[in-house]
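So the structure is just underneath, and the comments pick up after that.
The values are calculated or read from the model by the stated rules, or taken from the named source; none is laboratory data. Nothing here was measured: the structure is a model prediction, and the numbers come from that model. Cβ coordinates were reconstructed from backbone atoms using ideal geometry, including for glycine residues, and neighbour counts include every protein chain displayed.
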Amino acid sequence: MIELFDNFFQLLVIALATIGSVFAFYKSSKQAYFLLACFFGTFMLGSYYWTLHFLLFKYTPQVFYVSDLAWVASTMFLLTLQFNLSTAEERKFKHPAAWLVPLFCLPQLFLYLSHGDILFNLVICGLTMVLAWFSTLGLIYARRQSSQERQMQFFHSGVLLIIFLQYCLWTSSCFWVSDTFTNPYFWFDFLLTVSLFALLPLTKKAVGS
């Protein structure tokens with residue numbers, strides 16, 4: 001029951017975020033909102049498949065390809081949005097703190113490889129490491145600015161939080177406790193859902209409208 005509630009909650013929240021992004025794009029015609037809507041929309045499709053499967057068959061899907069492909073597509077849209085919002089100067093910025101990203105992600109990758117599909121785990125960890133790498137650099141760069149570019153620190157912080165919670169979610173799934181609230185997996189998933197929705201106002205800050 002808790003898993004079904006978790007799935008419905010995430011599906012509802014992401015659907016609202018998708019609608020909000022589409023409305024923002026309709027009002028401003030800015031490409032950033034279109035990319036954000038694509039990110040939420042593809043993520044929502046994966047959640048919809050997962051929820052519908054669990055609702056109909058009373059267990060989580062044994063073949064993950066639909067939700068996996070939706071996750072990869074949504075992450076690619078988020079990476080494109082990140083690039084779209086950054087400036088040429090930000091993309092050239094370098095800082096040694098970025099090396100903390102592989103230091104955190106690689107041990108998790110080895111754990112996931114021992115519990116699941118090799119190719120998909122390489123893909124998801126590779127994409128999240130690229131996202132986290134540029135968000136770490138972007139966060140440091142934005143905090144040194146005194147103009148509208150400084151607003152990007154909130155967007156990059158949101159992306160880093162999403163990635164951190166996803167790793168917490170994946171790690172907790174390797175050590176499944178129960179199908180109740182005692183399982184930290186569900187708490188991480190609830191927090192992830194809220195952080196995903198927060199990306200809408202954080203993107204508005206970065207865009208400036």
Which listed residue, of 185, 167, is surrounded by 20 or more Cβ atoms within 10 Å (Cβ to Cβ) and either polar (S, T, N, Q) or closer than 26 Å to residue 84 by Cβ (or both): 167
Some residue of region 52-67 being at pLDDT 85 or above, among the hydroxyl-bearing types (Ser, Thr, Tyr) and touching a helix residue (DSSP H, G or I) at 6+ places or on another chain (Cβ under 8 Å): no
Unmet requirement for residue 122, which otherwise passes all of (1) among the aliphatic types (A, V, I, L, M); (2) surrounded by fewer than 19 Cβ atoms within 10 Å (Cβ to Cβ); (3) in contact with an Asp or Glu (Cβ under 9 Å, 6 or more places away or on another chain): (3)
